[in-house]
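Enquirer: Here's a structure for you.
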Amino acid sequence: MTTDVGPTRPGLRVLRSFALAASVVLTSASVALAAPARGEPQSTGLTPDLTQSVAAVAPAALPLISRNVPAFTNNDCGVANAAQLANDSSYDSQWRSCDVPLTILTAVYLAYDLSSVAPANRSHVLVAWYNDPATLPYDHSYVPVHPCCVGTALDIPSDYTIEGNAAPGGGAYPTTGWVVITSVSGNHFHSRQHLIDFTGYNWLRINVTGSDGSPGASDARMNLDVHNASAGAQDDWIFFGDSITEIGLEHNSMSGAGGSGTWAQLINAANPSFFPAFEDGGIGGAVSQDGVNNINTWLALFAGHYVGLAYGTNDAGFQVTPTDFYNNYVTMVQAVISTGKIPVVPTIPWGCTTTIQQNAPALNQKIADLYAAYPQIIHGPDLWAYFQANQALISSDCVHPTQQGFVALRQQWANAMLANVYNSGTTTPPPTTNSVVTGAGAFTGASGKANFGFKIRQTGTVVSGHFNYSNKTDGVTFDCPVTTLSISGNSATFGSSGGRCTYQVTVQDIAKPGTGKDTFNLTSPVESNGGTLTKGDIAVRTGV
């Protein structure tokens, strides 16, 4: 069992009357009259190849296995089949409890019977719950560097357990036999995910004993997805950014404005082999410095692989210098890469305020410089070019898209990732034959200072080896075999599954020696930790 105590940060809890509030909006009314006319061509100051990304390897699929399985709850709020609202095909509806002050004695639960899923497809699962868009910002309690629009929490599960049950499926909900797999307390994020070993269980439930909410909305509300993670959690995404991300990538269909689904549903509709898990990490009013201030905390909560970084509109509004903006992005990109994850960066959207017109092109040029300096970055959509060419999709505040514009923005994000990731023509390669991966050293990550060592050999399709890990801060240790290995260039991912030895490690052999260059990242049900080596070396060798 793992326990996660969420960070506690006091913050204003003021209900926003409308979700479009952002720091730039505070001045848009006074500068809009001075903005260039929408029909006039504008210079972007960008290099011409912003949409060209380095060749990407398509992630291993993360199939959704909970859609429409039998769902049960002890609090349906008087709504027939309320539990099914959490796992039907519509993210516009959510399961919600009501009229119960949540405590350990008055817990509410949402349970799924997963027995119809083949055991091999549910031995390791990613459990993801989404309270947005009921609660708009990713972290409602966080007050940005330039406070403008902290939202109100509505029915966020703050204290809960994820549990399994081995009782036979196909019948009534089991009232006994539940085993806690992981627990969380003090949560104030509107979505969370957990990568767990589910071997031997047929039933899964989230048992909520506390709520982070507001008067009249202090219950539990969510959509809950379960994915087959037997191949890892590669197809798992989070998008950090400002209010444009917060609204554009929330979990709803936007059907009222012509939308047809969430970002994941758009990916699935275009390429049915994939149904990615994703979280919307947008916070209204955020600037790139807010990303820097929080990136390590946020990454420690994220079990997945792709990390969107979409800041800049508010940086332009607050006249952040191009140098400071670039340095902030470098910090965030390096933090993502050091944990074995992949950064995804779009351009700043076109807008018609004076500050955006004057400052954003230079900031977008820094994004072009970032692409050149860090080829690991997956290029997001060129939102400047798109909205400059479709100016009618920008609202009267000259900053945010219209409702139809947000539908288009979501589609641009889907199109870019379909082109640069999912339709790359390359799938995750099988393990390279006759390979040796070794490493030993130390690093300091978000979960503490740790030492590690491993030696792995693959001959043909047979993988053998051993892995040791010791976190001096929290006492977590691993002394486990290695049973899987995949290699891509100078990166290797290895791991094992089964009980205490369920883990996955991704390493990068960047330089010799590896101190200050090579990276190590561990993901497991009991700990996620990673960073750049402070001492030691990693070697990835093939064809030996």
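Enquirer: Debye sum, Cα scatterers, segment 243-360, no solvent: what log₁₀ I/I(0) at q = 0.14 1/Å?
Expert: The Debye formula, applied to the Cα set alone, gives -0.68.
Enquirer: Apply the Karplus curve 6.51 cos²θ - 1.76 cosθ + 1.60, θ = phi - 60°, to the phi angles in segment 229-235 and return the couplings in whole Hz, x for Gly and Pro.
Expert: 10, 5, 9, x, 10, 5, 8
Enquirer: I'd like the distance separating the alpha-carbon centroids of segment 202-243 and segment 254-313, in whole Å.
Expert: Taking the Cα centre of each part, segment 202-243 and segment 254-313 sit 14 Å apart.
Enquirer: Which value, in debye to the nearest 20, describes the size of the charge dipole of segment 2-422 about its Cα centre when Lys and Arg Cβ atoms bear +1, Asp and Glu Cβ atoms bear -1, and nothing else is charged?
Expert: Computed about the Cα centre, the dipole is about 120 debye.
Enquirer: Sticking with this one: Report the Cα centroid-to-centroid distance between segment 55-80 and segment 480-538 in angstrom, as an integer.
Expert: Cα centroid of segment 55-80 versus Cα centroid of segment 480-538: 29 Å apart.
Enquirer: Let me ask something else. If you project the alpha carbons of segment 481-544 onto the principal axes, what extent comes out on each, in Å, largest first?
Expert: Answer, in whole Å and largest first: 35, 29, 16 Å.
Enquirer: With viscosity set to 0.890 mPa s and temperature to 25 °C, compute the Stokes-Einstein D of segment 136-202, Rh being the Kirkwood radius across alpha carbon pairs; µm²/s, no decimals.
Expert: The diffusion coefficient I find is 166 µm²/s.
Enquirer: Any idea what Rg and Dmax come out to for segment 435-542 if you just take the C-alpha atoms, in Å?
Expert: For segment 435-542, the Cα radius of gyration and maximum Cα-Cα distance read 12.7, 39 Å.
Enquirer: Further question: Testing the spin-label approximation: label points 7 Å from Cα along Cα→Cβ at V179 and K472. State their distance in nm.
Expert: A separation of 3.5 nm, rounded to one decimal place.
Enquirer: Here's another thing I want to ask about it. With θ set to phi - 60°, apply the Karplus curve 6.51 cos²θ - 1.76 cosθ + 1.60 along segment 60-65 and write out the HN-Hα couplings as whole Hz, x wherever there is a Gly or Pro.
Expert: Karplus values, whole Hz, x for Gly and Pro: 4, 4, 10, x, 7, 10.
Enquirer: Another question, then. Rounded to whole Hz and in sequence order, give me ³J(HN,Hα) for segment 173-186 from the Karplus expression 6.51 cos²θ - 1.76 cosθ + 1.60, θ = phi - 60°, writing x for Gly and Pro.
Expert: Computed from phi, the couplings for segment 173-186 are 5, x, 8, 10, x, 7, 10, 6, 9, 8, 9, 9, 9, x Hz.
Enquirer: Can you work out the FRET efficiency for the pair N81 and Q376, with r the C-beta to C-beta distance and R0 = 41 Å, to the nearest 0.05?
Expert: 0.35
Enquirer: Would you grab the residues whose amide H sits under 5 Å from the one on H466? Only those 5+ places off in sequence or on another chain, please, with H modelled 1.01 Å from N.
Expert: When sequence neighbours closer than 5 places are left aside, the close amide H contacts are K455, V482.
Enquirer: List D479, D382 from most exposed to least, where exposure is judged by having the fewest other Cβ atoms within 10 Å.
Expert: Going from least to most buried by this count: D479, D382.
Enquirer: Would you mind working out the magnitude of the charge dipole of segment 139-221 relative to its Cα centre, with +1 at each Lys and Arg C-beta and -1 at each Asp and Glu C-beta, to the nearest 20 Debye?
Expert: 120
Enquirer: Between Q358 and K517, take the C-beta separation as r, use R0 = 41 Å, and let me know the FRET efficiency to the nearest 0.05.
Expert: Using R0 = 41 Å, I get an efficiency of 0.60.
Enquirer: With a cut-off of 8 Å between alpha carbons and a minimum separation of six or more residues, what is the relative contact order of the chain in percent?
Expert: The value is 16 percent.
Enquirer: Can you tell which of G171, T355, A231 lies farthest toward the positive end of the dipole of segment 2-422, using +1 and -1 charges on the Cβ of basic and acidic side chains (Lys, Arg; Asp, Glu)?
Expert: Going by the charge dipole, the pick is A231.
Enquirer: So for the chain, taking the charge dipole from beta-carbon charges (+1 Lys/Arg, -1 Asp/Glu), which of A440, I342, G241 sits furthest toward the positive end?
Expert: With unit charges placed on the Cβ atoms, the residue in question is A440.
Enquirer: May I pose another question? Please state the shape class of segment 287-410: rounded when a/c is under 1.5, otherwise prolate if a/b exceeds b/c and oblate if not, all from the C-alpha gyration tensor.
Expert: It is prolate, given that a/c is not under 1.5 and a/b is the larger ratio.
Enquirer: If amide hydrogens are placed 1.01 Å from N in the peptide plane, which non-local residues have theirs closer than 5 Å to the one on T182?
Expert: T2, I162
Enquirer: Between Q319 and A231, what is the spin-label point distance in nm, taking each point 7 Å from the Cα along the Cα→C-beta axis?
Expert: 5.2
Enquirer: Tally Lys and Arg at +1 and Asp and Glu at -1 over the other residues with C-beta under 15 Å from the C-beta of V79: what net charge comes out?
Expert: Residues near V79 contribute -4 overall.
Each value in this text was obtained by applying a stated rule to the coordinates, not by laboratory testing. Note that the coordinates shown come from a computational prediction; the quantities given were computed from them, not determined experimentally. As a convention, Cβ positions derive from the backbone with ideal geometry for all residues, glycine included, and neighbour counts pool all protein chains shown.
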